[in-house]
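The values are calculated or read from the model by the stated rules, or taken from the named source; none is laboratory data. Please read all numbers here as calculations on a predicted model, not as lab measurements. Positions of Cβ are generated from backbone atoms using ideal geometry, with glycine treated the same way; all protein chains shown enter the neighbour counts. In case anyone asks, the SASA skips ligands and DNA or RNA and just uses the protein heavy atoms, side chains included. Shrake-Rupley method; radii C 1.70, N 1.55, O 1.52, S 1.80 Å.
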Amino acid sequence: MKKVELLNLKGEKVKDINLNEEIFGITPNNAVLHDAIILTMASLRQGTHKTKNRSEVSGGGRKPWRQKGTGRARQGSINAPQWRHGGIVFGPTPRSYAFKLNRKVKQLGLKSVLSYKVQEEKFIAVETVKFEEAKTKNFLSFLANIKAEGKAIVVCSPEELTAEAVLSARNIPGVFLTPVNNASVYEILCYDKMVVTEGA
């Protein structure tokens, strides 16, 4: 069993807690991590690009010139792709870039990133992130006490996501407070340190 120190808000050790080897002690799968990151980034794309095809551009109601006898190539419409201001062939249309990952693959990705954080000693366990009042300096001193300054993701249980905690953390650059059920592989990898509450 892997053990980590459980710290309080002052950075003092409270006790040692055991981490599940099947979640925090596996050999990380880089291919699955890559797929999980691509999935998140693809899902964030708006996909609102659009071009007009020959049926959507304006004009082109009549044949530009008669079929035969002019010496020019035959043309049926000024909306044709070879004409200036004509329609676009095979242009982009609005679509979703999201794709599906199997449930077990998603779980393996999360296990892999958690194992990475533990192996690199960038995983910090704390008792709670509950604060009596909404003050940014309180959250900053908490991060300094547990040596998690800089870019850090703080994962807590939904019950601990109080208004005081959210308001205290939201103005700190490089700090992201999220409930445990919303934490993604991409977000965890974006931050250097990972702070997790005992409840989470």
Among the numbered criteria (1) assigned to a loop (DSSP other than H, G, I, E, B); (2) at pLDDT below 95; (3) open to solvent by 60 Å² or more (accessible area, probe 1.4 Å); (4) of a type outside the set (S, T, N, Q), which one does ALA134 miss?
(3)
All-but-one check, THR162 against (1) surrounded by fewer than 21 Cβ atoms within 10 Å (Cβ to Cβ); (2) in contact with a helix residue (DSSP H, G or I) (Cβ under 7 Å, 6 or more places away or on another chain); (3) of a type outside the set (Phe, Trp, Tyr); (4) at pLDDT below 90, failing number (2)
Among the residues of segment 59-66, is there at least one that is among the small types (Gly, Ala, Ser), open to solvent by less than 70 Å² (accessible area, probe 1.4 Å), farther than 30 Å from SER96 by Cβ and modelled with pLDDT under 95?
yes
Answer yes or no: is there a residue in segment 119-131 that is among the charged types (D, E, K, R), under 15 Å from ALA200 (Cβ atoms) and either open to solvent by less than 70 Å² (accessible area, probe 1.4 Å) or modelled with pLDDT of 90 or more (or both).
yes
Mind counting the residues in segment 1-57 that are out of contact with any Ser or Thr (no Cβ under 8 Å at 6 or more places or on another chain), open to solvent by less than 100 Å² (accessible area, probe 1.4 Å), of a type in the set (A, V, I, L, M, F, W, C) and not in a loop (DSSP other than H, G, I, E, B)?
12
Take PHE176 and decide whether it is closer than 26 Å to ILE23 by Cα, of a type in the set (Phe, Trp, Tyr) and open to solvent by less than 80 Å² (accessible area, probe 1.4 Å).
yes
